[in-house]
C-alpha cells in the first residue's frame, strides 16, 4: 500500500520527515517540502550576514522553518523574525524550532508577505511561490499534494513587495529571493542581481544597499 500511496503523495508526507542541510525536519501537508536548491539560498544568506555583520533578519513565509532554523543554527548572534499566512504552517515551524532549541533566536507571527512587517531589517529573505498558473497543470501529483498557496505565483503580492520592500531595509540592508527564471527580467529592473543555482538555472535574486 505504501508504494501505491507514494505514487500520489510525497514520501516526506507519509513519514512526516524531510532533510535539509544537516536538519531532519517534521513536515506535513501544511508546508512545502524543502528543496535541495534552497540550501544554496541559505549559503548566500550566511555569506552576506557575515560579510555585512547583519543580526536582524526577516523571513517571509517560514513554512517548515528550514531556512530560518539553518541560519539560527549556523550563525551566531542573529535574531530572526518570520511570518506565514498559514496558522497550520506556523505550528509545523514551531515544532521544528523547538526540536533544534532555537526559540531564543526565531520569533514567529501570522501575517501576509511584507504587509505585516512593522520594523526595518538588515536582511529580508523569501523563497517566493513561483509556479505560474499555466505551469501548475503540468506538475506531478506529488507536487500538487503540497500547499497550493506555497507554490502558486501571485502577481499582486509580488508587485506590492517589489514596490515596498526597500522601506523595510536598514541603511546597509539586503534582500534575497528564490525565484523562477521568468521573474529575472522584472527583478533586474528593480536593481536585483540574478544568481544561478547549481543546475545553471536563474534561481536567486539579490538586492543590496551599498
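Taken together, the values in this text are just the output of simple stated rules run on the coordinates, not laboratory data. Please read these numbers as outputs of a predicted model, since none were measured by experiment. Please note: Cβ atoms are built from the backbone with ideal geometry, for glycine as well, and neighbour counts cover all protein chains shown.
Condition (residue is over 30 Å from residue 210 (Cβ atoms) and surrounded by fewer than 19 Cβ atoms within 10 Å (Cβ to Cβ)) applied to region 157-169: is it met by at least one residue?
Here is the first cut: in region 157-169, the ones over 30 Å from residue 210 (Cβ atoms) are none.
Among the residues of region 157-169, not one is over 30 Å from residue 210 (Cβ atoms) and surrounded by fewer than 19 Cβ atoms within 10 Å (Cβ to Cβ), which makes the answer no.
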Next item on the list: Within region 50-66, identify whether any single residue is under 28 Å from residue 160 (Cα atoms), buried (at least 21 other Cβ atoms within 10 Å of the Cβ) and out of contact with any strand residue (DSSP E or B) (no Cβ under 6 Å at 6 or more places or on another chain), and answer yes or no.
Entry: yes
Item checked: Whichever residue in region 79-102 is touching a helix residue (DSSP H, G or I) at 6+ places or on another chain (Cβ under 6 Å) and assigned to a loop (DSSP other than H, G, I, E, B) and, among such residues, is farthest from residue 126 (Cα to Cα) -> 100
